[in-house]
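Reading through the structure tokens given below for one structure.
The values are calculated or read from the model by the stated rules, or taken from the named source; none is laboratory data. No experiment lies behind these values; they were computed from the predicted model shown. All Cβ positions, even for glycine, are placed from backbone atoms using ideal geometry, and neighbour counts span all protein chains on display. Ligands, DNA and RNA are stripped out before the accessible areas are found, and what is left, the full protein with its side chains, is counted by its heavy atoms. Shrake-Rupley method; radii C 1.70, N 1.55, O 1.52, S 1.80 Å.
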Amino acid sequence: MSAPVRQPKVTEREARQVAEAARERDWHRPSFAKELFLGRFRLDLVHPHPLPAAEDVRRGEAFLAVLRDFCETRIDGARIEREARIPDETITGLKEIGALGMKIDPKYGGLGLTQLYYNRALALVGSASPAVGALLSAHQSIGVPQPLKLFGTREQKDAFLPRLARTDLSAFLLTEPDVGSDPARLATTAVPDGDEYVLDGVKLWTTNGVVADLLVVMARVPASEGHPGGITAFVVEADAPGITVEHRNAFMGLRGLENGVTRFHRVRVPAGNRIGPEGAGLKIALTTLNTGRLSLPAACAGAAKWCLKIAREWSGEREQWGRPIGRHEAVSAKISFIAATAFALEAVVDLASQMADEDRNDIRIEAALAKLYGSEKAWLIADELVQIRGGRGYETADSLAARGERAVPAEQLLRDLRINRIFEGSTEIMHLLIAREAVDAHLSVAGDLIDPDKSLADKARAGARAGGFYARWLPGLVTGAGQLPGSYGEFGALAGHLRYVERTSRKLARSTFYAMSRWQGRMELKQAFLGRIVDIGAELFAMSAACVRAELLRTTTDHGREAYQLADAFCRQARLRTEELFTRLWSNTDDLDRRIVDAVLGGAYTWLEEGVIDPSGSGPWIADASPGPSGKENVHRRLP
């Protein structure tokens, strides 16, 4: 037996350098969210609310009508949950209506939908079956089509996009058994050999990987003569010799997900299948996720809307103590939270999606905030729905139906939504990613001051740059439009909330600056503090989106009054959460928590673990991923 594989040994600093090198460093276009974190409330970047072109609306609405009929007649969510598999005929049907090519240009056989309508389609299909929504999202949001669209050659697009638009499913393979959000330790290799690369390694959590036809694989190319090396992206045929899907993973939710473990053993890939240059793989992945992440909050917004429907119908039907439970304050507060937050989640997704379509703003922070906020709030909404439903919320839909009641899959939704707080960047990683982008302006001018590797001359130059930047920036944090009673008057009853956002964005920027001054190079270790900073920014972004959407609906629909009510309720709730977060910036148990953790990891509290049985046994925490031939049956299956 071969010795277990050893991931590349890297220091914490080296790991950060790899992640930093993969970032888009330049900001060529304005960013509403970046400005918000800098204390500058650029309402002009999002108001008036951007709108899709008439032809985009026509094409998008036509497909949504087809998709709605398909979801109602050909997707059996209960069957998928029961059998833990999406039926072949369902996937065949999705191919027939063009759902695999929603975002692919019509010249390659796709539908050419905008990001806005693509996300609306995912919300719709996800409400019928979250597993089907995840399959389509993994195929198009992070699978082969999006990297090819952004970075592929003409030859690659001609070869692969027609297949991906109509017949072939794709998957994205980055994670490994011992590599999650730290790609510096990536162990899968792609060794150059003439006009080919030879891939060896194991990939974990390959969504769609069990049934995919094409894979986008991240592998490390060793540096050699003529090869700069580095983490590189490849398009790989899923049935290439040497590829084995060794296991189909099973999860607490999304039971129809075709997610597996894939082994590569001496898999030969043509050099023409490399996406971009060697070493550009992580940058390609991160750039793809700038808009790809919007698919998750779209699904979350759809789930929130369904939760509102069920909460409304059930709370009006179920009576306790002489009146419907929705009329009792303990329940009505939950319904108000669900309704207001569902409105805000849709507002955030639609605004970010339309900004992506217009391509005049840099939305890397907006998309990340949408993913973070949507996944966290949708989980809370589903939890509240289960609570409102009581015992019926905990009971499965099949059990409810078997005893003659409506088959409401509330507990399934709670399980299905839980992964969104981990998928495509966990909440903790999103906090750090967004925080890094939020303080980019500071690090650009003052980063060398806190870098121990920089010379005194470099630090002197950085000091001069920082002095000039802060001399211009800090005075702007003192006063602003949020202190003027008449500001944003066109928003009527919502104007006060926008004034709050403006004032609070300046307070947020001052808090960030104070923390950087206080902790300097240790700031990156203050992850709990940075998480709260990001959460405040997320609330302010959501408030802005809710108000802008309410004003749009007031001027274009018959629901303006109701939209204003929902936006007002959401903003009042968000302001309470924001004030609590500000309090916790400086009044918290962070230092005590670190001491407790040191003691826990040092074994000081093992006595507290006594008196229970551990059913997990004594197996390895991380499976062996040593390269080599597979000794397991290939469970990859081709779809019709």
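Measuring only protein heavy atoms, the 1.4 Å probe finds residue 323 accessible over about 110 Å².
Of all accessible surface on the chain at a 1.4 Å probe, what whole percent is carbon and sulfur?
Of all accessible area on the chain, carbon and sulfur atoms account for 55 percent.
Does the chain classify as rounded, prolate or oblate by the C-alpha gyration tensor (a ≥ b ≥ c root eigenvalues; a/c under 1.5 gives rounded; else a/b over b/c gives prolate, otherwise oblate)? In terms of gyration-tensor shape, rounded. Dipole size of the chain about its Cα centre, with +1 on Lys/Arg Cβ and -1 on Asp/Glu Cβ: approximately 1180 debye, rounded to the nearest 20. Amide H contacts of residue 258: 208, each under 5 Å away and 5 or more positions distant or on a separate chain (H built 1.01 Å from N in the peptide plane; Pro and chain starts excluded). Anisotropy class assigned to region 110-215 is oblate, per the alpha carbon gyration tensor with a/c at or over the 1.5 cut-off and a/b no larger than b/c.
Per residue, how large is the accessible surface of region 36-83? Use a 1.4 angstrom probe and give square angstrom. Don't skip to the answer; put the middle values down first.
On the way: 2550 Å² over 48 residues.
Accessible area per residue: 53 Å².
Where does the longest stretch of the chain lie that holds no chymotrypsin sites (Phe, Trp or Tyr not before Pro) found in a DSSP loop with 12 or fewer other Cβ atoms within 10 Å? Result, exposed sites excluded: 1-320.
When the GluC sites (Glu not before Pro) in region 334-411 are filtered for DSSP coil states and for at most 14 other beta-carbon atoms within 10 Å of their beta-carbon, the remaining sites are 405.
Highest mean first, what order results for 501-511, 124-134 on Cβ atoms within 10 Å? Please list the in-between numbers first.
On the way: 501-511: 21.5, 124-134: 24.5.
Ranked from most to least packed, the peptides come out as 124-134, 501-511.
Per residue of the chain, what 222 nm ellipticity follows from adding -39500 (n - 2.57) for every DSSP H run with n ≥ 4, rounded to the nearest 500? Don't jump to the answer; show the numbers that get you there.
Details: 23 runs with 337 residues, N = 640.
Result for the chain: -17000 deg cm²/dmol, rounded to the nearest 500.
Restricting the trypsin sites (Lys or Arg not before Pro) of region 276-369 to loop positions (DSSP other than H, G, I, E, B) with no more than 15 neighbouring Cβ atoms within 10 Å leaves 318, 360. Starting from the Cα of residue 519, step 7 Å toward the Cβ, then list every residue of region 439-472 with an amide N under 11 Å from that point. No residue passes the distance filter. Under the classification rounded if a/c is under 1.5, otherwise prolate if a/b is larger than b/c and oblate if not, where does region 251-397 fall, given a ≥ b ≥ c as square roots of the Cα gyration tensor eigenvalues? Oblate is the answer for region 251-397, as a/c is 1.5 or above yet b/c matches or exceeds a/b.
State the extension gain, in nm to one decimal, for the chain segment bounded by residue 556 and residue 96, taking 0.36 nm per residue of separation less the distance between their alpha-carbons.
Numbers: separation 460, 0.36 × 460 = 165.60 nm, distance 3.48 nm.
Net length gain for the segment: 162.1 nm.
3J(HN,Hα) along region 288-298: 4, 6, 3, 9, x, 5, 5, 5, 5, x, 5 Hz, from the Karplus curve 6.51 cos²θ - 1.76 cosθ + 1.60 with θ = phi - 60°, whole Hz, x for Gly and Pro.
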